[in-house]
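Working notes, structure below.
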Amino acid sequence: MASLTQRLSGLFGAKDMTVGKPVTNLVQFAVPLLIGNLAQQLYNTVDSVVVGKYIGDGALAAVGASGPLLNLLIVLFVGVSTGAGILVSQYFGAKDKPMLSKTVGNVIVLTIIVSLIMTVAGIATSRWFMAFIGTPGDIYEMSCTYLIIIFSGIIGGAFYNIMTGILRGLGDSIMPLCYLLVACGLNIVLDLLFVAVFRMGVAGVALATILAQGVSGLLCLVRLLRMTDVLHLTRSTFKLDGPLCKRLILLGLPSGATQAIFSMAALVVQSLTNSFGSAVITCSTIVMRVDGFAMMPNFSFGMAMTTFVGQNVGAGRLDRVEKGTRDGLKLGVITAAVLVALILIFGRPLMHLFTETESIVLMSMKMMQILSVGYVAMAVTQILSGTMRGAGDTVTPMWISVITTVVTRMPLAYLLAWATRSEANPAGNPASLFVSLLISWLLGAAVTFVLYRRGKWKAKAAESIRSNAELAAAEE
């Protein structure tokens, strides 16, 4: 019985990734992440399928058009989550329970503050932003309705994303997956109930999403509060600590800024997408949903690398970091290549899930073919960036995002659209949107590889070890 209890604890509890084979650590941690990302993508996909089937292509375009603004305003908890995951993994690797507990307590308080800011800012700016990016009149009201409801219940999504960042920093990728699967099932049921039965339109889709996210966020919070073997949360751990919060922000801010850069670029490109009309907006929405599946291995292995590196940096095991990065690259590239091949082979039936309009299906498939090779390149970018972040170097990935997104993707998309204008396509060829994205991905992989080889992240790892020791000494 004791042996079974120990095995269950090892499976569902925190995992020490400073021991054992790096490739085994990465696979055991990344597989639940991959399944979790699949479930997360299923959230978005089910929303889109239900909207496309029961409301129509216009509503599908409305949900897609609202995405960039939603992504822009969630950068606050992306930053908190990243900083929390890195510090938690480093303190867990260093076996420093007092600082680990204080970090978790401070993050919970910050999550509440960030959620309130996001709710107010999101509701206040939704209509203005949708008008600013030129959302077509036939989908404007639906887009605004969807956004306002999502932001009204954003606290659930904030708690889920940030608390799972903490759990993953502890090496636990199983329980966040379990909670996400519960929420995903609830989301599907509520989607069908609110939209297919109650005919609530896009408002029903948004309501289903925030209720499901609220459940998953609450489950993650309860899980953390019960991990008394790893954490010792008292009233004092929830008192905001200036130096600790500053370190959390400094670690998380570049990642939040990176997400903001992506989101701002998406807003600018969404404006270009809108100029092509509702059909292209619908096509872009479908492609981005499928894109989410193709990106899943990349994000999963990238997050696994951040946790693996963070724990080993905390333990002072830099030799394991380099070995783990090589193993991660092999796993990520092979997995991405296989998944892309499957999407290209079975892409048309997948896209028929969203719409029966054949012209949109054909356009969407053409765009996926353009993007295909880029997913393998993104595997390299995500895994090496994960290594840098885990070592405490969150600034370098941010600058790579600036180069690839702001300097390359945005201007190139508009330039290609301008250069391909014709009578048939007065706004330009819609393929410009995806050719520019592919070029930015390829450039990003090349730049990331070069900067990883230069090794600035190693100096950051040493700096992280010193900073953590100083905070721990001050606490004593």
_Let me spell it out: the conditions are (1) part of a helix (DSSP H, G or I); (2) touching a helix residue (DSSP H, G or I) at 6+ places or on another chain (Cβ under 6 Å); (3) over 27 Å from G252 (Cα atoms), and L353 meets all of them except one. Which number is the exception?_
(1)
*Tally, over region 215-245, of residues that are among the charged types (D, E, K, R), in contact (Cβ under 8 Å) with a residue 24 or more places away in the chain and closer than 26 Å to D16 by Cβ*: 3
*Condition test on A158, is it in contact with a helix residue (DSSP H, G or I) (Cβ under 7 Å, 6 or more places away or on another chain), more than 30 Å from D16 (Cα to Cα) and buried (at least 16 other Cβ atoms within 10 Å of the Cβ)?*
no
*Of these, T145, T111, which one is free of Cβ contacts under 8 Å to residues at least 60 places away in the same chain and under 19 Å from A212 (Cβ atoms)?*
T111
*Hey, can you tell me all the residues within region 231-240 that are surrounded by 14 or more Cβ atoms within 10 Å (Cβ to Cβ) and at pLDDT below 90?*
L231, H232, L233
_Answer residue from region 242-260, given it is open to solvent by 40 Å² or more (accessible area, probe 1.4 Å) and more than 27 Å from G67 (Cβ to Cβ) and is nearest to the chain's Cα centre (by Cα) among those_ = L250
*Do you know which residues across region 99-138 are under 30 Å from P243 (Cα atoms), hydroxyl-bearing (S, T, Y) and surrounded by fewer than 23 Cβ atoms within 10 Å (Cβ to Cβ)?*
S101, S115, T119
*Mind listing just one residue for me: the one in region 194-205 that is more than 15 Å from I154 (Cα to Cα) and surrounded by fewer than 19 Cβ atoms within 10 Å (Cβ to Cβ) and, of those, modelled with the lowest pLDDT?*
A196
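Here is a yes/no grid of residues against (1) modelled with pLDDT under 85; (2) polar (S, T, N, Q); (3) under 30 Å from A427 (Cα atoms); (4) open to solvent by 20 Å² or more (accessible area, probe 1.4 Å):
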| residue | (1), (2), (3), (4) |
| --- | --- |
| F262 | yes, no, yes, yes |
| A265 | yes, no, yes, no |
| G277 | yes, no, yes, yes |
| V287 | no, no, yes, no |
| M296 | yes, no, no, no |
| A304 | no, no, no, no |
| A315 | yes, no, no, yes |
| D319 | yes, no, no, yes |
*Mind checking whether some residue in region 81-95 is under 28 Å from A124 (Cα atoms), open to solvent by 10 Å² or more (accessible area, probe 1.4 Å) and at pLDDT 70 or above?*
yes
_If the requirement is being farther than 15 Å from T448 by Cα, touching a residue at least 12 places away in the same chain (Cβ under 8 Å), under 19 Å from the mean Cα position of the chain (by Cα) and assigned to a helix (DSSP H, G or I), which of these qualifies: A336, A377?_
A336
*Give the number of residues within region 360-409 that are touching a helix residue (DSSP H, G or I) at 6+ places or on another chain (Cβ under 6 Å) and aromatic (F, W, Y).*
1
*Could you tell me which numbered condition T18 fails, if it satisfies all but one of (1) at pLDDT 80 or above; (2) among the polar types (S, T, N, Q); (3) open to solvent by 20 Å² or more (accessible area, probe 1.4 Å)?*
(3)
_Hits in region 367-379 - residues which are at pLDDT 90 or above and open to solvent by 30 Å² or more (accessible area, probe 1.4 Å)_ = I370, V376
*So W457, is it among the aromatic types (F, W, Y), under 23 Å from F301 (Cα atoms) and either touching a Lys or Arg at 6+ places or on another chain (Cβ under 6 Å) or buried (at least 20 other Cβ atoms within 10 Å of the Cβ) (or both)*: yes
*Please list, ordered by first then second residue, the pairs with beta carbon atoms under 9 Å, 6 or more apart or interchain, first in region 418-435 and surrounded by 16 or more Cβ atoms within 10 Å (Cβ to Cβ) and among the aliphatic types (A, V, I, L, M), second at pLDDT 85 or above and not in a helix (DSSP H, G or I).*
A427/F276; A427/R421; A431/T420; L433/F276; V435/N429
*If you go through region 39-48 one residue at a time, do you hit one that is modelled with pLDDT of 80 or more and open to solvent by 30 Å² or more (accessible area, probe 1.4 Å)?*
no
*Scan of region 206-222 for residues that are open to solvent by less than 50 Å² (accessible area, probe 1.4 Å) and either closer than 25 Å to A94 by Cα or touching a strand residue (DSSP E or B) at 6+ places or on another chain (Cβ under 8 Å) (or both), ordered by number*: C220, L221
*Matching residues in region 339-366 - criterion: being in contact (Cβ under 8 Å) with a residue 60 or more places away in the chain, surrounded by fewer than 19 Cβ atoms within 10 Å (Cβ to Cβ) and not charged (D, E, K, R)*: L353, T357, S359
*Could you grab me the full set of residues in region 165-175 that are within 15 Å of the chain's Cα centre (by Cα) and modelled with pLDDT of 85 or more?*
I166
_For region 385-397, check the following and say yes or no: at least one residue is open to solvent by 30 Å² or more (accessible area, probe 1.4 Å), part of a helix (DSSP H, G or I) and either among the hydrophobic types (A, V, I, L, M, F, W, C) or closer than 30 Å to R168 by Cα (or both)._
yes
*Matching residues, region 453-470, being over 18 Å from R317 (Cα atoms) and at pLDDT 85 or above*: R453, R454
_Condition broken by I55, with the remaining ones in (1) under 22 Å from H352 (Cα atoms); (2) surrounded by 21 or more Cβ atoms within 10 Å (Cβ to Cβ); (3) modelled with pLDDT under 75 satisfied_ = (3)
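The values are calculated or read from the model by the stated rules, or taken from the named source; none is laboratory data. Note that the coordinates shown come from a computational prediction; the quantities given were computed from them, not determined experimentally. Here Cβ is always computed from backbone atoms with ideal geometry, including for glycine, and neighbour counts include all displayed protein chains. Calculation scope for accessible area: heavy atoms of the full protein, side chains included, ligands and nucleic acids excluded. Shrake-Rupley method; radii C 1.70, N 1.55, O 1.52, S 1.80 Å.
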